Every structure is written in C-alpha cells, then in structure tokens.
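Chemist: Have a look at this one.
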Amino acid sequence: MSVATRPATAGQADDVGIGVASRSRSVWRGPGLRRERRHGYYFLAPALLLTVALIALPLARAFWTSLQRTRGLRSDFTGLDNYLYIFTSTQFWDSLRISVIFTAVCVFFHMLVGLGLALLLKRAVFARTLFRVGFLAPWIVAPSIGAIIWVWLLEPQFGVVNYMLSGIGLVDRYQAWLGTPSLALASVIIVDIWRGTPFVMLLLLAGLQGIPKDQYEAAAMDGATAWQQFRFVTLPNLRYLLIVSSTLDLIYTIRHFDIIAVMTGGGPIDATEVLPVLIYNTAFTQNNFGRASAIGIVLLGIILLFSIFYLRAMRLGKARED
Amino acid sequence: MAKLELSGVKKSYGSTDVLKGIDLTVEDGEFVAFVGPSGCGKSTLLRLICGLDEISEGTMAIDGHIVNDVPPSKRGIAMVFQSYALYPHMSVADNMGYALRLAGTPNGEIRQRVQAAARILRLDAYLDRKPRQLSGGQRQRVAIGRAIVREPKVFLFDEPLSNLDAALRVDMRIEIARMKERLGTTMVYVTHDQVEAMTLADKIVVLNAGKVEQIGSPLELYNKPGNRFVAGFIGSPKMNFLKLGKGCGNGSYAVAGGSVTLPVFAHAPVEIGIRPEHLTLAERGKNTLSGVVAMTEHLGSDTYAYVALNGAEETVVARIPGEKTFRPRQEVGVEVDASVIHAFAADGTAITSSGNARVAA
Ligand SMILES: Nc1ncnc2c1ncn2[C@@H]1O[C@H](COP(=O)(O)OP(=O)(O)OP(=O)(O)O)[C@@H](O)[C@H]1O
Ligand SMILES: [Mg+2]
C-alpha cells in the first residue's frame, strides 16, 4: 500500500492526522511532521480512552477472573485450573461440537439462501422495494423478539407450524420441536437461518449490483447459458465478497446467544448448548464466574482467529482492486 | 458472407420511441459507420443488430434469414464494447478463447486461433496477463481479439476508441483499417469521431433522433449533404449557415454582411451553407461580405478565423492557411467560393441547381 496514492483513513492509527498532501511534500518532514503526529494523537485520545474503558478493561478483568476460583463473593487465585478443567470436561467439548455444527450449518445456509434471494431480488421487476423490505424484516426485528415469536409458532399443541404441517400431512402427530433433542438443534438452526440470511442477502445484493452489466452482455454474445454466466461472471466477481461476508457472518454466528437462550436455554439435555449459552449457564446458573470467563476467553481466541482471516481477506481484496 | 438488412426497425422503451423506423442495408464486406449526436440511438441500433435488445417492430435479416428471434450467440455476430467488457479474472488468452470454449471447440484449436489473433493484434507477449495488468490500448486490442477469434460474419464496434488518448486512438484507427483489409468481414462501427468515420467507413449512416438522416459514402455526405442536419453534422469545423434575407430580384438575396446571387432553384431557398475551407479572408471589396475578425485559432497547418459578419449574431468560421494572422477586430472582407454553396429549403432539405451562385457586397 502506498501512502502517497491513498488518503489516510480513520482506521489507520499510524497515519492519523497526516494527510496525503503533507506526506508527499518534503516540506513537512522534520519537526512539523512530529507536531502533526502529536496533534493526531490528541484527536484520537477520546476514542482511545473509550476503547480502553469499554473493551480493554473488561477484557483484562475477564481474563483475571478466568484465573480465579469464585464462590459467592470470595475468589481465590488458581492459575490455569479453570482452563485445565474445561479442556478435560466433556461438557466443553460437547458444547464446542454443537457450536461448530450450529455455526457451519447456519453460515452455509445464510450464504446459500442469501445468494439465492439476492439473485432473485436483483431481477425482480415487480414490487421490488416491497420484497427488499420484506426480506429484511427478520434482520430488523430484535433476535430475542423474533425468537419469542418462533417459540409460539413452534408450540406443540397450538402452534401454527404443527397446524400447517399436519394439515398437509407432513407430520402425523404433534411434534415437540423444542422438546426433542434431535429436533431442537434443527429448529434453532432454522430460526437462525431466518434471522441471519437477510444481512448476507443485503451484502450480496449490493455486490451483484456492482457487477458491470456489459460483462453479462459479453458473455451472452459469447454464448454463455444462464448457469455459465453465473459460474463465469457472477461468482468470480463476487468471490471476494463471498469470502468476506461468510467470515463476517461466521464471527457473528459463533457468538450468537439470543435465539438459543430464548428458545431452549441450551436444552433439552444440552442438545443446543452452544458456547455462548454454556458460558451463560456456567456463570449464572452454576454461579461459576471463573470457569465461565475461561470459556469466554477460549471463545474469544477462536473468534480472533477468524478475525485475522477476515482482515487478511479484506487486505487481499483491496490489493486485487488496486 | 454476410449481408445485413433492416427494414422498418423500431425500438421503444415503454412509451418513449428511441428508434422510429430504420431501413438500412449493409452489404457483404462493407464497413459502415453510424454517426449522430449523443442519444440519437446509435448504441440502441447496434444492440438490436447483435440481439442484446429485442426489436419492437420491423425485421432484421442476415443473408436473407430473419433473425429477430435468434439469440445473440447464434447470429454469428461479435461485438466490441466501448468499455471492453473483459472478464477481469481470466487471462488474456482465456478472455479471447472463452466463446470457443463455450462452443466446445477442442483445446488445441482454441490455442491456435487465439495465437493467430494475438499475432494480428500484437498481443503475443501478453497472453498470460490479466486485463488489469494491461494498458487501455492493450485492453482494447484484447476486446477486438476476442471478437476476431470467433470468426464472426459481422463485427460490431460501439465507440471502441473513445476511452483512448489521442495518439493511441490514431494507432488503433490504423490497426482497425488494417484489420478491415485483412479480414474483409462486414463491420458496423459506431463513433462520435468524424475522422474515424470518414477514414474507415465505406458508407456512413447519419442518425438523428431515432431516424436515418442520410446514408452515403463519406465524400457523398460531405459534398452533397441531403439536408441541413447532415450538412452541419459532417465536417469539422462545422459548415457556416447564412439566413437569406429579402430577394432583390435576379436571384440576389440579402445576407449578413452583404448579398449573394443564387441561381434559380425549384423551391425558394431560405438558407445557404458554406464550408469553412470555401471562405477566404481578403481586403474588403465589391465581391466580399464584410465583417470583423472575432477570434483566430492557430492549428499549425491551418488557421480557423472566426468572423462576425455585419448584422449577424453568430460568427462564421473560415479555414485559411496556417501562416496567416489577423488582429482581433480587424475589418475584413469574406470571399465566398460561390461554386460550392449549399442551399436549403424551409424544411431543411438541400436544394440543388445547375447554375453557380455569385456574391456581392
Ligand atoms: N433501457 C432504456 N430505457 C429507456 N430509454 C433508453 C434505454 N436505453 C436507451 N434509452 C434512450 O434511448 C436513446 C438512445 O440511446 P443510445 O444509447 O442508443 O444513444 P447513443 O446514440 O448511443 O448516444 P451516445 O452517443 O451518447 O452513446 C437515449 O435517449 C436514451 O435515453
Ligand atoms: Mg452510445
């Protein structure tokens, strides 16, 4: 990345306050530059303070807690005992497994359905805006409220879902969607697909609209079928956005809490206890803040890994555009 | 190999009629240029020919077969887009061979044809590059190469050189002229650039507001424009128009700066047109129109002198040898080469006559 050709953006801490022009003109080297840099940090200070107060301190505190054994108001330093415990307990590994399944399936369908809807919406001529707003609704509704609505819909005796499905003969008796371990995970996954798809759809729709129309026309002239146009024009043009949005979605979904907390609380028999729900249950039903913090730190590590991947994908995409 | 026939072709988007009945024949091997002001429907017509848009009314035939319902890829037509429309993720070779690949051509033959086209366009060294690693002129050549590789019956170009700088444009123009000689394929070429149209085309189609104004060879259009629009559109600098005032008998009419004597016409002309090179600046005299120099532009070989004729709102422009200079507001006489005056009737159509015009102050 060459500084001379790109304006400094707010996100680049090392360039703060130093504009393009001042960098490239040698007049500004020397004491002037140092002063500019100092002024830059003054401007940055409030945001920096807030970040430290709201993110760094709680994080440090959580890490500190994860090294303690807490009982009621008492806590004793126990080093890495909590980590040792969780790595040797089946509960953590089960929860991780459920998290991986939940996240993988959800992200896969967010992308698949999101892309499908985006393709449809791009072509829609009739009631375009209505459809766009309509498909966005699940994303606008707060997840916990959406989850409550779904609990009603899935209610075994009076729920709409059972009523409709048994009406067309798909299920022959009333299903306890959230009460049966095998069905509960599928149910929360479906609800999360409902929740998470619109955001992906919106991103991909924007991406689709950015693909130059003449590439499709050239492909049509070259004799490409609709599928070949998708395969050789749409996908390559969308590739980078697909990587970025799936990683972003993955980071979001693996730490998603609301829907499962509201719908099943992790049950039945821990069948839907993803890591964030496990953390909650450990902290607030078992009152074990130390262990909960340790799981939290592990989850943070996992998320950081994906974040690094995300940042790399972003940089790669930018490099390709230049 | 390929003759294009359009008859009564119309195109409308909703309630707006973009093309209002185009009749046009492009002979086999002919190079036809579409020119016309922005928004007149040149691109639209090209898109109808290649099949990217549907014809609303009328028919189009290739070699006598009506192709209104034939999809673009089956018409044997290749199009070179103004924006190049290269596939960004494919190499130059893949871009050029993509149509063949889709058609199921064997790999060996694809490679052979791509290399042959690359040689013609001097792209051999760039076959493995991606489009973004090429200069504008190279990209343009890839876009043309992609069309050549398909060995189409007809080439369509939509302002292919408009994104290039002046020098490259000249190079590419020569390149296209060479390609025309070499391939002998029917070509339709849309351009804003008069020079491109005049130098490349066998036949020029002047379009205006969705209608054909005139079709003819470049010199025909230049020397015998069929109407005022074509007269004003072809040629740079533009033709000068003078409104005719009262007739004073003997075919003499008052114009700004003096009077002209015209031969007898079938209809009464209301306006005459004179090309800039048919005006010369001289001392004021009996056979000149009088005016003052408003401005001069020196182009080296030529000088354009803008002269405000007495009593006229707009200036006329004279194209005179480059070494001549005039002071601003210098009083001059404008001599008109009376043998080449164009006359126009009230509806804008050109009126011809056998006799010559005369000018008097
Ligand atoms: N999809 C469309 N819907 C409605 N009107 C259109 C559409 N495409 C083109 N037009 C109109 O048709 C007219 C002709 O457009 P066209 O692109 O053919 O012009 P052009 O002669 O190629 O102009 P330019 O020289 O600027 O490229 C324009 O007035 C344009 O607004
Ligand atoms: Mg156009």
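This table checks each residue for (1) open to solvent by 60 Å² or more (accessible area, probe 1.4 Å); (2) of a type in the set (V, I, T); (3) touching a Phe, Trp or Tyr at 6+ places or on another chain (Cβ under 7 Å).
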| site | (1), (2), (3) |
| --- | --- |
| B:M239 | no, no, no |
| B:G247 | no, no, yes |
| B:A268 | yes, no, no |
| B:T288 | no, yes, no |
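Chemist: Okay, next question. Look at the range B:177-203 and say how many of its residues are more than 15 Å from the chain's Cα centre (by Cα) and open to solvent by 50 Å² or more (accessible area, probe 1.4 Å).
Modeler: 4
Chemist: Can I ask one more? Take the conditions crowded, with 17+ Cβ neighbours inside 10 Å and within 30 Å of B:R150 (Cβ to Cβ) and apply them to B:V206. Does it pass?
Modeler: Numbers: crowded, with 17+ Cβ neighbours inside 10 Å: yes; within 30 Å of B:R150 (Cβ to Cβ): yes.
Against the criterion (crowded, with 17+ Cβ neighbours inside 10 Å and within 30 Å of B:R150 (Cβ to Cβ)), B:V206 qualifies.
Chemist: I've got another one for you. Which one of B:M60, B:M96 is away from chain A (no Cβ under 14 Å) and free of Cβ contacts under 8 Å to residues at least 60 places away in the same chain?
Modeler: None of the other options fit; the residue is B:M60.
Chemist: Next question, about the same structure. In the range B:31-54, which residues are farther than 12 Å from B:L207 by Cβ and either within 16 Å of ligand 2 (Cβ to nearest atom) or open to solvent by less than 30 Å² (accessible area, probe 1.4 Å) (or both)?
Modeler: B:F31, B:R47, B:L48, B:I49, B:C50, B:G51, B:L52, B:D53
Chemist: Any idea which of B:Y98, B:Y87 is of a type in the set (F, W, Y) and more than 31 Å from the chain's Cα centre (by Cα)?
Modeler: Result of the check over B:Y98, B:Y87: B:Y98.
Chemist: Residues that are more than 25 Å from B:R173 (Cα to Cα), within 16 Å of ligand 1 (Cβ to nearest atom), in a loop (DSSP other than H, G, I, E, B) and touching a strand residue (DSSP E or B) at 6+ places or on another chain (Cβ under 7 Å): does the range B:61-76 have at least one?
Modeler: Checking the range B:61-76: not a single residue is more than 25 Å from B:R173 (Cα to Cα), within 16 Å of ligand 1 (Cβ to nearest atom), in a loop (DSSP other than H, G, I, E, B) and touching a strand residue (DSSP E or B) at 6+ places or on another chain (Cβ under 7 Å).
Chemist: So is B:D69 open to solvent by 50 Å² or more (accessible area, probe 1.4 Å), away from chain A (no Cβ under 14 Å) and closer than 19 Å to B:M179 by Cβ or not?
Modeler: no
Chemist: Spot the failing condition for B:E109; the list is (1) farther than 16 Å from A:A219 by Cβ; (2) part of a helix (DSSP H, G or I); (3) without any contact (Cβ under 8 Å) to a residue 24 or more places away in the chain; (4) within 13 Å of chain A (Cβ to nearest Cβ), and only one is missed.
Modeler: In the conditions (1) farther than 16 Å from A:A219 by Cβ; (2) part of a helix (DSSP H, G or I); (3) without any contact (Cβ under 8 Å) to a residue 24 or more places away in the chain; (4) within 13 Å of chain A (Cβ to nearest Cβ), B:E109 misses (4) alone.
Chemist: Here is a list: A:L67, A:L33, A:L57, A:L49. Which entry is exposed (fewer than 11 other Cβ atoms within 10 Å of the Cβ) and not hydroxyl-bearing (S, T, Y)?
Modeler: Only one candidate qualifies: A:L49.
Chemist: Please indicate, with yes or no, whether at least one residue in the range B:84-98 is within 22 Å of B:I176 (Cα to Cα), in the same structural domain as B:G210 (by TED's automatic domain parsing), open to solvent by less than 70 Å² (accessible area, probe 1.4 Å) and within 16 Å of ligand 2 (Cβ to nearest atom).
Modeler: Yes, the range B:84-98 contains a residue that is within 22 Å of B:I176 (Cα to Cα), in the same structural domain as B:G210 (by TED's automatic domain parsing), open to solvent by less than 70 Å² (accessible area, probe 1.4 Å) and within 16 Å of ligand 2 (Cβ to nearest atom).
Chemist: Any residue that is within 14 Å of chain A (Cβ to nearest Cβ) and in contact (Cβ under 8 Å) with a residue 12 or more places away in the chain - is there at least one of those in the range B:116-128? Give the steps one after another, and end with the answer.
Modeler: The first filter runs over the range B:116-128 and keeps only residues within 14 Å of chain A (Cβ to nearest Cβ), leaving none.
No, there is no match, as no residue in the range B:116-128 is within 14 Å of chain A (Cβ to nearest Cβ) and in contact (Cβ under 8 Å) with a residue 12 or more places away in the chain.
Chemist: Please verify whether the range A:101-108 includes one or more residues that are buried (at least 17 other Cβ atoms within 10 Å of the Cβ), over 30 Å from A:L242 (Cβ atoms) and assigned by TED's automatic domain parsing to the domain that holds A:G196.
Modeler: no
Chemist: Looking only at the range A:111-159, which residues are among the aliphatic types (A, V, I, L, M), in contact (Cβ under 8 Å) with a residue 60 or more places away in the chain and over 20 Å from A:F257 (Cβ atoms)?
Modeler: A:M111, A:V113, A:L115, A:L117, A:A118, A:L119, A:L121, A:L136, A:A137
Chemist: A further question follows. For the range A:149-172, give me the residue count where each residue is hydrophobic (A, V, I, L, M, F, W, C) and in contact with a helix residue (DSSP H, G or I) (Cβ under 6 Å, 6 or more places away or on another chain).
Modeler: Number satisfying all stated conditions: 7.
Chemist: Can you name every residue in the range A:213-229 that is more than 15 Å from A:L119 (Cα to Cα) and not hydroxyl-bearing (S, T, Y)? Steps first, please.
Modeler: Residues of the range A:213-229 more than 15 Å from A:L119 (Cα to Cα): A:214-215, A:217-225.
Residues satisfying the conditions are A:D214, A:Q215, A:E217, A:A218, A:A219, A:A220, A:M221, A:D222, A:G223, A:A224.
Chemist: Here's something else I'd like to know. Could you run through the range A:110-134 and say how many residues are open to solvent by 80 Å² or more (accessible area, probe 1.4 Å) and part of a helix (DSSP H, G or I)?
Modeler: Counting residues in the range A:110-134 that are open to solvent by 80 Å² or more (accessible area, probe 1.4 Å) and part of a helix (DSSP H, G or I) gives 8.
Chemist: Now, a different point. Within the range B:120-163, track down each residue that is within 16 Å of ligand 2 (Cβ to nearest atom), buried (at least 18 other Cβ atoms within 10 Å of the Cβ) and part of a loop (DSSP other than H, G, I, E, B).
Modeler: Across the range B:120-163, the qualifying residues are B:E159, B:P160, B:L161.
Chemist: Among the residues of the range B:249-262, what is the count of those that are in a loop (DSSP other than H, G, I, E, B) and either touching a His at 6+ places or on another chain (Cβ under 6 Å) or surrounded by 15 or more Cβ atoms within 10 Å (Cβ to Cβ) (or both)?
Modeler: Number of matching residues: 4.
Chemist: Inside the range A:222-234, can you point out the residues that are of a type outside the set (V, I, T), out of contact with any Ser or Thr (no Cβ under 6 Å at 6 or more places or on another chain) and within 9 Å of another protein chain (Cβ to nearest Cβ)?
Modeler: If the condition is that a residue be of a type outside the set (V, I, T), out of contact with any Ser or Thr (no Cβ under 6 Å at 6 or more places or on another chain) and within 9 Å of another protein chain (Cβ to nearest Cβ), then A:D222, A:A224, A:Q228, A:F232 are the ones that fit.
Chemist: OK, next. Can you tell me which condition B:A167 does not meet? The list is (1) in contact with a strand residue (DSSP E or B) (Cβ under 9 Å, 6 or more places away or on another chain); (2) surrounded by fewer than 17 Cβ atoms within 10 Å (Cβ to Cβ), and all the others hold.
Modeler: Only one criterion is unmet by B:A167, namely (1).
Chemist: Give just the number: which of (1) open to solvent by 10 Å² or more (accessible area, probe 1.4 Å); (2) in contact with a helix residue (DSSP H, G or I) (Cβ under 6 Å, 6 or more places away or on another chain) does B:A318 not satisfy?
Modeler: (1)
Chemist: Determine, yes or no, whether A:H39 is touching a Gly at 6+ places or on another chain (Cβ under 7 Å), buried (at least 18 other Cβ atoms within 10 Å of the Cβ) and either assigned to a helix (DSSP H, G or I) or not assigned by TED's automatic domain parsing to the domain that holds A:T285 (or both).
Modeler: Taking the combined requirement at face value, the residue does not satisfy it.
Chemist: Could you check B:I174 against (1) more than 16 Å from ligand 1 (Cβ to nearest atom); (2) open to solvent by 50 Å² or more (accessible area, probe 1.4 Å); (3) in contact (Cβ under 8 Å) with a residue 24 or more places away in the chain; (4) not basic (K, R) and say which number it fails?
Modeler: (3)
The values are calculated or read from the model by the stated rules, or taken from the named source; none is laboratory data. Only a predicted model underlies this, so the values are computations on that prediction, with no experimental measurement involved. Using ideal geometry, Cβ is built from the backbone for each residue, glycine included, and neighbour counts are taken over all protein chains shown. The protein model used for the area step is the full one, side chains on, heavy atoms only, and it has no ligands, DNA or RNA in it. Shrake-Rupley method; radii C 1.70, N 1.55, O 1.52, S 1.80 Å.
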